[in-house]
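Heads up, the thing below is written out as structure tokens.
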Amino acid sequence: MGKWAYETICPACLNEYSDINIEHQKTKHHILPKRFFGGGGGQIELCRSCHNDLEKEIPQKKVLSQNKYVEIIKNFFKKRNQDFKIPHEY
């Protein structure tokens with residue numbers, strides 16, 4: 001799938017982004033949680049539903065290594081049979 005496609009569809013579930021259906025609104029997920037690392041690091045775009053699912057896999061009160069957060073995201077995509085490259089600017 002071309003890079004351009006991710007501007008209109010969620011790379012995790014492949015559903016089109018929607019301004020009407022709140023579950024499919026485009027969101028930005030910080031690769032490194034803002035609560036621990038501020039606003040720095042890269043972001044990935046996901047629909048609201050996938051963003052919520054990914055957040056459930058990330059510990060809320062425990063700081064992990066940066067590589068562990070990347071691993072969690074990669075596994076999230078792998079479970080959905082999607083190949084997605086994490087931006088290097090995290």
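Readers should treat all values here as calculations from the given coordinates under stated rules, not as data from a laboratory. Worth saying up front: this structure is predicted, and the values here are computed from it rather than measured. As a convention, Cβ positions derive from the backbone with ideal geometry for all residues, glycine included, and neighbour counts pool all protein chains shown.
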May I have the pair-distance distribution P(r) for the chain, computed from all Cα-Cα distances with 10 Å bins from 0 and rounded to whole percent?
17, 52, 28, 3
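May I ask you to sort Arg35, Arg48 by Cβ crowding, counting other Cβ atoms within 10 Å and putting the fewest first?
Neighbour counts put them in this order, fewest first: Arg35, Arg48.
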Starting from the amide H of Lys26, placed 1.01 Å from N in the peptide plane, find each other amide H under 5 Å away whose residue is 5 or more places distant or on another chain.
Ser18
For the chain, modelled as a GNM with alpha-carbon contacts under 10 angstrom, which of Ser65, Ser49, Ser18 fluctuates the most?
Ser65
Starting from the Cα of Gln43, move 7 Å in the Cα-to-Cβ direction to define the label point; list residues of segment 4-36 whose amide nitrogen is under 14 Å from there.
26-35
Assign unit charges at the C-beta atoms only (+1 for Lys and Arg, -1 for Asp and Glu), then state the dipole size of the chain relative to its Cα centre in Debye, rounded to the nearest 20.
440 debye
For segment 3-79, averaging the sequence separation of alpha carbon pairs under 8 Å that lie six or more residues apart and dividing by its residue count, the contact order in percent is 25 percent
